[in-house]
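The structure under discussion appears below in the form of structure tokens.
The values are calculated or read from the model by the stated rules, or taken from the named source; none is laboratory data. Remember, it's a predicted structure, so these values are computed and weren't measured experimentally. All Cβ positions, glycine included, derive from the backbone under ideal geometry; neighbour counts span all protein chains shown. Surface areas here come from the heavy atoms of the whole protein model, side chains and all, with no ligands, DNA or RNA. Shrake-Rupley method; radii C 1.70, N 1.55, O 1.52, S 1.80 Å.
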Amino acid sequence: MRVSGAARLVSSSAGKAQLEVAGRPMFELNPVAAFIWQQLASNLPADMIVGQLVALFDVSQEQAKRDVTNFIEILQKHWLVYDDEQFTTSPPSTSS
């Protein structure tokens with residue numbers, strides 16, 4: 001899973017985090033979402049992020065998996081994360 005180069009996490013002095021896209025605020029993130037984004041940006045796979053959430057935030061495996069899956073789905077809908085395979089496969093050939 002890769003994150004878009006157009007998006008970056010910005011923390012404010014008030015302790016909140018925003019995900020900016022092309023320099024414009026797009027999402028305000030809670031601490032769990034900000035952590036998930038940071039781990040995705042570090043190229044950590046989703047299952048490892050789930051394990052870290054369980055340990056750091058004292059949540060169940062099911063809740064952590066649901067949080068990671070839901071957040072990734074939102075990011076995918078906005079083209080902010082994508083699967084590596086989407087861009088490593090050859091484009092279909094065209095006949096002339």
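Counting just the residues of region 65-95 that are of a type outside the set (A, V, I, L, M, F, W, C) and in contact with a helix residue (DSSP H, G or I) (Cβ under 9 Å, 6 or more places away or on another chain), which one comes out modelled with the lowest pLDDT? Step through it out loud before you land on a result.
To start, the set of residues in region 65-95 that are of a type outside the set (A, V, I, L, M, F, W, C) comprises 65-67, 69-70, 73, 76-78, 82-86, 88-95.
Pick out the ones that are also in contact with a helix residue (DSSP H, G or I) (Cβ under 9 Å, 6 or more places away or on another chain) and you get 65, 67, 69, 82-83.
Working: K65: 97, D67: 96, T69: 96, Y82: 83, D83: 79.
Looking at residues that are of a type outside the set (A, V, I, L, M, F, W, C) and in contact with a helix residue (DSSP H, G or I) (Cβ under 9 Å, 6 or more places away or on another chain), I get D83.
When you scan region 63-84, do you find a residue that is of a type outside the set (G, A, S), open to solvent by 80 Å² or more (accessible area, probe 1.4 Å), assigned to a loop (DSSP other than H, G, I, E, B) and touching a Lys or Arg at 6+ places or on another chain (Cβ under 8 Å), even just one? Give the steps one after another, and end with the answer.
Let us first name the residues in region 63-84 that are of a type outside the set (G, A, S), namely 63, 65-84.
Pick out the ones that are also open to solvent by 80 Å² or more (accessible area, probe 1.4 Å) and you get 65-66, 73, 77-79.
Among the residues that remain, those that are also assigned to a loop (DSSP other than H, G, I, E, B) are: 78-79.
Of the ones still in play, those that are also touching a Lys or Arg at 6+ places or on another chain (Cβ under 8 Å) are none.
Looking for residues that are of a type outside the set (G, A, S), open to solvent by 80 Å² or more (accessible area, probe 1.4 Å), assigned to a loop (DSSP other than H, G, I, E, B) and touching a Lys or Arg at 6+ places or on another chain (Cβ under 8 Å), one finds none in region 63-84, hence no.
Identify all residues within region 18-56 that are open to solvent by 80 Å² or more (accessible area, probe 1.4 Å), assigned to a loop (DSSP other than H, G, I, E, B) and at pLDDT below 90; write none if there are none.
A22
On the basis of being touching a helix residue (DSSP H, G or I) at 6+ places or on another chain (Cβ under 8 Å) and touching a residue at least 60 places away in the same chain (Cβ under 8 Å), does L53 make the cut?
Criteria not met by L53.
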